[in-house]
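One structure below.
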Amino acid sequence: MKIRRPLVYCIFLLFGGMFLVVAQTAKKKDIKVQKRTLMGQFEPDMVKPVEERIALKERRITHQRITKRILDTLDISDRKRRKLMRELRKSPFSGRIAKTILAGTEFEEDLKD
């Protein structure tokens with residue numbers, strides 16, 4: 001009984017360490033967009049190329065990450081923060097999020113007075 005406990009701990013640490021190493025070496029996921037869209041069948045001139053759509057999607061993802069960091073640092077209630085995080089996932093360029101960030105921002109000029 002006493003010998004099994006250290007053996008179980010060693011096995012647990014071994015597997016836990018392997019998962020940490022694998023998690024650190026994981027590659028970034030590639031961003032996928034549709035090559036052909038429904039609109040491209042009827043109006044090919046109005047559809048943006050695949051490279052441009054990928055760039056737009058990357059910009060939107062970085063904007064979401066930055067906004068999430070800003071929302072985490074604001075001094076607001078947890079309930080409101082959770083609500084804004086849900087809003088951020090649904091529509092990243094929401095006016096409600098922009099108003100909250102602007103209201104919680106203190107400018108250097110205001111601090112000097």
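No value in this document is a laboratory result; all are computed from the given coordinates. Just so it is clear, the model here is predicted, and its values are computed rather than measured.
In table form, for the structure just shown:
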| read-out | value |
| --- | --- |
| Per-residue HN-Hα couplings for the stretch 64-73 [Karplus 6.51, -1.76, 1.60; θ = phi - 60°; Hz; x = Gly/Pro] | 5, 5, 5, 5, 5, 4, 5, 5, 5, 8 |
| For the stretch 91-101, 3J(HN,Hα) per residue [Karplus equation, 6.51 cos²θ - 1.76 cosθ + 1.60, θ = phi - 60°, Hz, x = Gly/Pro] | 9, x, 9, 6, x, 5, 5, 4, 5, 5, 5 |
| If the convex hull is drawn through the Cα atoms of the stretch 28-106, its volume per residue in Å³ | 128 Å³ |
